[in-house]
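Each remark here refers to the structure printed beneath this line.
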Amino acid sequence: MNTTKILFLLKLIAIVLMAEMVSAQSSNMKFERVRVGDAKQILCGMDLAPDHSYLAISSIQNFPYYQFDFENKNVIQQFDVGNWYAGSSVRHSADGRYVLLQQLFYLDFSLNKDREVDFDIINAANGQRVIHFEKCHAVTIAPDSEHAFSISGNEITIWKLPSGEKIRSFILNQATNGLAVSPDGKYLAVSHKPDEKELKKDPYYKKNKKALKAALKYKNQISIFDIESFSLQYTVNSLYDIVYRLEYSPDGNTLFCLQIPHIKAQSSKSGRQSYISTINGKTGEPQRMGFTSQASYEPEFKLSPDGKLFGMVSRNGRFTELQLFDFETGRIKDRFEESYRLFEKTEVGMTMGDGRMSFAFLPDNKTLVMTMGNHLIFWEPKL
């Protein structure tokens, strides 16, 4: 048998095995596919309203923003917001009055540097823009929904909502992309590059000039400030890769840190990896539990409404997947791979995804909804 025939047979066997594997896995999964109105474009951002009344969903290109009734599976309202070709992420304010949109790119994985994108805060009821931010590292809405915070260059600014009035600001040298307000509204977590003088106080970096140079070039730190006085409370005793997102858990006990190594600092040969580290939100002590994502883009991550489950977007080989963990132990509970849809007949009007995924936990604490192309997947994991 010649080489060409052997290769053909090997490919055929691989296809059959994949089909059997996908079929076997899919048969044990409980999920439903739902079209979002007449959406033709890829859905890219999603968030559950704080009162659990609807899902906010954004899409690419034509910039529609949907309020989707997840119980009756129909569109409630539709607005045109966020004039960004690759779409936006979606986050509600704590009381649901506002929605924060963050501009997305198709090639965010190639930046390897501080992020500078546009942000919009919109009125959740009518889709009208409240404040527009140009080329900021980060924007977040305070828990009281009366103020917003932004990082632009080295300036940290507080803004009044909905007027957009600048209240006050302070300068943090070499601020990066992480910004989060504690749920009690008292503290502000900000990421920044390390201070050389401070690092040299550590005997390791004082003696190791090569390690010091690498830390100054590729690493970030996280500092906590008092919002009233802007005084530094403490700096977390750990170095992180380039920080792209900081977020407190609803109870304030955990501060999540999404970090992505610079390409020159990547230790893995299997491709880009992102790390979601955990920090004690009360004491600032780094925690041992963390999560690793293989996602091609900044991975979405969220806690379930009851705080027991942690969801994270990753990849398994070629396909995007949603991974579900027990938040107390860090052990994986279940996963949903988009490859489950590979061999299913695609209905007319359905489009596939572009490798990005957003998701939300529904208030029943047993169902998750994720984006895939121009439709949603409602999934009940095996818990």
Contour minus Cα-Cα distance for Ser229 and Phe105 (0.36 nm per residue): 41.1 nm
Charge-dipole axis of the stretch 32-380 as Lys and Arg at +1 and Asp and Glu at -1 on Cβ define it, positive-most pick from Ile227, Ile76, Val243: Val243
Estimated dipole of the stretch 32-380 in Debye, rounded to 20 [Cβ of Lys and Arg +1, of Asp and Glu -1, Cα centre]: 1800 debye
Loop-resident sites, the stretch 65-166, for trypsin sites (Lys or Arg not before Pro), counting at most 12 other Cβ within 10 Å (DSSP): Lys113
Of Lys333/Lys382; Lys308/Lys366; Lys193/Lys282; Lys219/Lys302; Lys166/Lys193; Lys200/Lys282, pairs whose Cα-Cα distance is over 18 Å: Lys193/Lys282; Lys219/Lys302; Lys166/Lys193; Lys200/Lys282
Anchor Lys135: aspartates and glutamates whose Cα lies under 19 Å away (excluding residues fewer than 8 positions away in-chain): Asp108, Asp114, Glu116, Asp118, Asp120, Glu155, Glu165, Glu298
Positive-end residue of Tyr204, Phe310, Ser277, charge dipole of the stretch 200-321 with Cβ unit charges: Tyr204
Whole-Hz couplings from phi, Karplus 6.51/-1.76/1.60, listed for the stretch 56-62; x for Gly and Pro: 8, 9, 10, 9, 8, 6, 7
Label-point gap, in nm, between Lys30 and Arg168 - each point 7 angstrom along Cα→Cβ: 5.3 nm
Lys/Arg +1, Asp/Glu -1 at C-beta; the stretch 22-163 dipole; positive extreme among His137, Ser58, Ala125: Ser58
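Values quoted throughout were computed directly from the atomic coordinates according to the rules given, and no laboratory measurement underlies them. Not measured: the values here are computed from a predicted model. Note that we place each Cβ from the backbone using ideal geometry, even for glycine, and neighbour counts take in every protein chain shown.
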